[in-house]
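Read through the structure below, which is laid out as structure tokens, and then see the notes.
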Amino acid sequence: MLENASTAFRSSGDATGLVASLSELRDRLLTWEGRSPAPEPIVEAARGVLRALDVEEPEEGWDRWEGPTEEQTAPPARQMPRILRAGPMTIEAWLAFDGPGELCEGVLVEEKTSTALEDAVAAWFLTVLRAWALPRGGVVCGRGHKLAVSTVSGRKPDVCVYMPNDPSAETGAPSTPTLVLEVVSANPADQRRARLTTSREYGALGVRWYWLVDALNRTLEVLELGSGGRYIVFLAAIDGTMSQVGPEGLAIDLDALWAAVAPMGL
């Protein structure tokens, strides 16, 4: 490689001494057996190449330099959840399973991660939705509740609201929630889960209302099931009182929400 570099610089008419420095380093390396540390003549020849390239010596000197001081770029975050079990799992086995994880196409995968702020937002909605649903004969479930979205997949939404005699469930199944709420995590894998994967699954199941709450950006998106099992945006808001957020008689005071979770760092 050094021979090729010397030839290239020589042919380009280099007159900075780089060719001579490269040639010297090449000659020194030919006699070196490769043990560490490198002998001083080789080290000095290598520094000669750097000088010829106008590479400045660091303030602490080459002997004390330990490499770049900038923080290394963090590896890209996973775009898919981590698999928790190699073998396949049935929906019946997952429903009876006492451990962590969701079921995705017959594979047990990790659940979404959450911050203290996101936990607080989920707890606030759980309280508010229960206060609305219980007098109307509804049932509201929080985290840990298992929702079978198909014969091979199961999810654990942040909040599930079941209402009696709800005509919105296209499947007619009594286990179909009227409303599912997810607090969206900043994690890319969780973003993909909430906005792509579970959106399709809840739509296919017949869940009429799908709410997405972004705690960090203070937004509430209310999605309504449209034709073909696809959701359309019914409304999106960042503050104020939302009196038409889906089910009849349900109102959400976003100002009260953000004030309630402010101690968590919002």
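Could you please report the charge total around Thr197, scoring K, R as +1 and D, E as -1 over all other residues with beta-carbon less than 12 angstrom from its beta-carbon?
Around Thr197, the surrounding residues sum to +1.
For Thr241, what accessible area in Å² do you get when you roll a 1.4 Å probe over the heavy atoms of the protein chains, rounding to the nearest 10?
Number for this one is 90 Å².
Taking only the Cα atoms of region 182-266, how large is their convex hull per residue, in Å³?
That works out to 89 Å³ per residue.
How would you rank 149-159, 101-111, highest first, on the average number of other Cβ atoms within 10 Å across their residues?
Per-residue Cβ counts within 10 Å, averaged per peptide and sorted highest first, yield 149-159, 101-111.
Between Leu216 and Met264, what is the spin-label point distance in nm, taking each point 7 Å from the Cα along the Cα→C-beta axis?
About 1.4 nm, to one decimal.
Mind ranking 126-134, 181-189 by how tightly packed they are, going by the mean number of other C-beta atoms within 10 angstrom, highest first?
Those peptides, ordered most packed to least, come out 181-189, 126-134.
At 1.4 Å probe size, what's the solvent-accessible area of Arg218? Round to the nearest 10 Å².
100
Suppose R0 equals 35 Å. What FRET efficiency, 1/(1 + (r/R0)^6) with r the Cβ-Cβ distance, do Arg82 and Ala131 give to the nearest 0.05?
0.45
Taking +1 at the Cβ of each Lys and Arg and -1 at the Cβ of each Asp and Glu, which of Asn187, Thr151, Ile232 sits farthest along the dipole of region 124-266 towards its positive end, judged by Cα position relative to the Cα centre?
About the Cα centre, the residue reaching furthest to the positive side is Thr151.
Let's test the formula: R0 of 22 Å, r as the Cβ-Cβ distance of Glu105 and Ser227. What FRET efficiency results, to the nearest 0.05?
0.30
Tell me, what HN-Hα J-couplings in whole Hz come from the Karplus equation 6.51 cos²θ - 1.76 cosθ + 1.60 at θ = phi - 60° for each residue of region 124-136, using x for Gly and Pro?
Residue by residue, region 124-136 yields 5, 5, 4, 5, 5, 5, 5, 4, 7, 7, 4, x, 9 Hz.
Quick one: order Ile83, Ile252 from most to least accessible surface, probe 1.4 Å.
Heavy-atom accessible area, descending, gives Ile83, Ile252.
The values are calculated or read from the model by the stated rules, or taken from the named source; none is laboratory data. Predicted model, so just to flag it, every value in this text is computed and none were measured. All Cβ positions, glycine included, derive from the backbone under ideal geometry; neighbour counts span all protein chains shown. Note: areas computed on protein heavy atoms with side chains; ligands, DNA, RNA excluded. Shrake-Rupley method; radii C 1.70, N 1.55, O 1.52, S 1.80 Å.
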